[in-house]
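One structure is given below, encoded as structure tokens.
All of the numbers you see were taken from the coordinates with simple rules; none came from a lab. From a predicted model like this one, the values you see are computed outputs, not experimental measurements. Backbone-built Cβ (ideal geometry, glycine too); neighbour counts: all protein chains shown.
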Amino acid sequence: MHDKPQPKLRPATLTAQAAGAVDATTDGVVPAVHPATTFIRDEDYETGAQNNTYLRSNAPNGRMVENLLAKLEGAADAMVFPSGMAAVAAVFRTVPSGAAVLVQSQIYWGTTAWIRAFCERRDITLIEVEASDTAAFGAACDAHRPALAWIETPSNPWLRSVDITACAEAAHGVGATLVADMTAATPVLTQALSFGADVVMHSATKGINGHSDVLAGALAVADAESALWQAVRADRDMAGAVLGPFEAWLLLRGMRTLPLRVERMSTNALALAQFLEDHPKVEQVMYPGLPSHEGHVVALRQMTGGFGPLLSFVVRGGATAALGAVGRLQLFHRATSLGGVESLVEHRHTIEPHTGIPEGLLRLSVGIEDVRDLQDDLAQALGQ
Ligand SMILES: *Cc1c(COP(=O)(O)O)cnc(C)c1O
């Protein structure tokens, strides 16, 4: 777990070598799992070299992930959580009662639903705004002077691109902290802090772990001394939303192939988006990599190396046609979530019927399979 001094390395090198995490005890090239919940003090009652006292505050396996993630994000510090939602909640719990928050509309439904309930309970004014409309976002900042502004790009399931730099300027102009949920992009495609976001949030359950077998969340910060970050750290230590050592170990293993997976998922997703765009049974394709997509120009500016695994498309013929096609798919698992090595398909309208999702919309999370097999499966399901 020793962090060797390293020059500034690129993501594929950082991840393959887990940012220098090895097992100092055995010289193993892979770090050990450290399940100890408590740590020994010496005869003089001093803690050891790493100052570990108790697992809730000092989690060696979690720190390895945080070290790697901070480097990938170009962040001053990072924190992992037992789920993405735990990371969302940790941020919002820093907002004082009576303040206002600005949240992008039509983002990940779990985030929206939790924030609405939380703000009501805590007497926080919640303003929801379409943040891909930079002017609307700026006007909402000026009108409501929020303490916190929350964006998600690309957004889920609409795949809208939000201009992080423009939102950061608007938020900072009124003294607000800008937090960006970058789950769909992963730190491989966009480092949101470099575009001006103050904090980046990820559901590490998705692309970062990438194997659909760990539930985890993460935050990364530009300024580790900021009041918000200090409050989040104190809250995690004391309220205890800590990722367990076994999950953290698995997460670090999953991250070793992160750039490879994201690259392949993005190539596959773009190829399928192009295929679907030309398909007579498809009304609309939402993928930031397509020049026809309204957020393409913004995506080109802030995404490097691909546009991610997430793509939505609208089948002609509404819910009946979409559900028919979904039922005929043989390779895509009919399951929620995204960013895993295996391809998934979701009929979002079934899950969130009252949020304006088109009835014919199918959301794909494109995996790392051979894209020809995926395309054949879509072709037979749509009935070409
Ligand atoms: C899944 C997801 C979350 C929530 O993360 P969990 O790990 O499921 O708690 C938040 N934001 C986005 C964009 C997600 O996809």
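Here the spin labels are modelled as points 7 Å beyond Cα on the Cα-Cβ line, and at residue 351 and residue 47 they lie 3.9 nm apart. Summed over all non-identical Cα pairs, the Kirkwood treatment of region 243-384 gives a radius of 15.8 Å.
Please sort 174-185, 96-107, 228-239 by packing, taking for each peptide the average over its residues of neighbouring beta carbons within 10 angstrom, highest first.
Details: 174-185: 25.2, 96-107: 19.1, 228-239: 16.6.
Final packing ranking: 174-185, 96-107, 228-239.
The distance linking region 47-112 with region 121-144 is 23 Å (Cα centroid to Cα centroid, whole angstrom).
Could the peptides 374-383, 162-171, 352-361, 308-317 be put in order, highest first, of the mean number of other beta-carbon atoms found within 10 Å of their residues?
Working: 374-383: 17.9, 162-171: 22.3, 352-361: 15.9, 308-317: 24.1.
The most tightly packed comes first, giving 308-317, 162-171, 374-383, 352-361.
Look at where the Cα atoms of region 244-280 and of region 300-320 average out, and the two centres are 14 Å apart.
Taking Cα centre as origin and charging only the Cβ of basic (Lys, Arg, +1) and acidic (Asp, Glu, -1) residues, the dipole magnitude of the chain rounds to 360 debye. The residues neighbouring residue 114, those whose beta-carbon lies less than 15 Å from its own, together hold a net charge of -1 under the Lys/Arg +1, Asp/Glu -1 convention. Computed over the alpha-carbon pairs of the chain, the distance histogram in 20 Å steps reads 29, 56, 15, 1 percent, short to long.
Going from the fewest other Cβ atoms within 10 Å to the most, the residues 10, 363, 93 appear in the order 10, 93, 363.
How would region 33-255 be classified by its alpha-carbon gyration tensor: rounded, prolate or oblate, with rounded meaning a/c under 1.5 and the a/b versus b/c comparison settling the rest? Intermediate results must be reported in sequence, preceding the final value.
Working: a/c = 2.05, a/b = 1.65, b/c = 1.24.
Prolate, because a/c is 1.5 or more and a/b exceeds b/c.
Between residue 37 and residue 235, the FRET efficiency estimated from the beta carbon spacing at R0 = 30 angstrom works out to 0.95.
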